[in-house]
Amino acid sequence: MRIMKSTIRPIRSTIVWGLIGGLVYIPLCSALSLMVFWPLGFRLSLWILLAGYAVLLSRWASRPLRSMGLPLLLLLLSAGLIESATAFLLTAIVILGWIRSGICFQRKPLRKRLGMEVALGLGTVLLVFGAVPGVSPVWALGVWLFFLIQALYFVLFEYQSDSQTKIEVDPFEKAKMAAEKILSGGAFY
């Protein structure tokens with residue numbers, strides 16, 4: 001087996017997803033609020049952003065997309081059933097923790113994963129505590145900051161153990177590399 005560096009960069013990708021989410025938050029929330037009443041448009045906007053992030057998480061963890069179905073369905077149902085914006089945001093944070101630590105990244109012990117999710121959840125709750133949801137640049141910035149906090153998960157926890165991935169090399173490719181090494185004179189050192 002040959003060891004190759006992984007092309008998956010969850011820290012950078014989470015930050016970029018947050019930046020994209022912050023940029024599309026205002027147009028997305030405005031468009032959805034024109035189609036449905038105000039709080040539901042806000043909650044559906046957040047659901048769309050979190051569903052997109054869940055798809056990214058499933059790809060990074062090599063989990064099937066169908067494994068995201070139940071958590072995302074519950075979050076969608078809670079968008080329609082929960083009337084409080086704060087309660088919906090707390091539900092979304094818990095479901096995101098379930099997706100990330102319960103479905104996607106399970107290598108660490110449950111106690112450590114749960115502790116990390118609680119810490120990130122508290123950091124996120126402090127962001128939204130007392131804030132009135134709206135379609136404003138402040139909330140767009142809040143979306144980006146939310147994903148910055150979520151990137152800490154990979155900085156502190158999972159990403160360190162995923163720095164290299166083992167990939168099986170085709171026997172013909174292995175022979176070709178050996179021949180190139182011999183021809184370049186590297187085999188005699």
Need the full-extension length gain, VAL155 to GLU173, defined as separation in residues times 0.36 nm minus the C-alpha distance. One decimal, nm. 3.1 nm
Which shape class applies to the range 34-137: rounded if a/c is under 1.5, otherwise prolate when a/b exceeds b/c and oblate if not, where a ≥ b ≥ c are the square roots of the Cα gyration tensor eigenvalues? oblate
Pairs of alpha-carbon atoms within less than 8 angstrom and 6+ residues apart define the contacts here; what relative contact order does the chain have, in percent? 38 percent
Could you look at the range 79-143 and say what percent of its accessible area is carbon and sulfur, using a 1.4 Å probe and all protein chains? 72 percent
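Can you give the convex hull volume per residue for the Cα atoms of the chain, as a whole number of Å³?
Cα-based convex hull of the chain, divided per residue, equals 157 Å³.
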Which of the listed residues, PHE146, SER84, SER136, is farthest toward the dipole's positive end in the range 73-151, when Lys, Arg count +1 and Asp, Glu count -1 at the beta-carbon? PHE146
Helix-only [θ]222 nm of the chain, DSSP H runs n ≥ 4, -39500 (n - 2.57) each, per residue, nearest 500: -22000 deg cm²/dmol
Under a crude label model (7 Å from the Cα following the beta-carbon direction), how far is LEU110 from VAL36 in nanometres? 3.3 nm
Express the accessible area of the range 5-44 per residue in Å², computed with a 1.4 Å probe while the remaining protein chains stay in the model. 57 Å²
Can you tell me the FRET efficiency between VAL118 and VAL55 if r is taken as the Cβ-Cβ distance and R0 is 25 Å, rounded to the nearest 0.05? 0.55
How would you classify the range 34-74 from its alpha-carbon gyration tensor, with a ≥ b ≥ c the square roots of the eigenvalues: rounded for a/c under 1.5, else prolate if a/b is greater than b/c, otherwise oblate? prolate
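The values are calculated or read from the model by the stated rules, or taken from the named source; none is laboratory data. None of the values given here were measured: they were computed from a predicted structure. Cβ sites come from the backbone with ideal geometry, for glycine too, and all protein chains shown count toward neighbours. Only protein heavy atoms, including side chains, enter the accessible area calculation; ligands, DNA and RNA are left aside. Shrake-Rupley method; radii C 1.70, N 1.55, O 1.52, S 1.80 Å.
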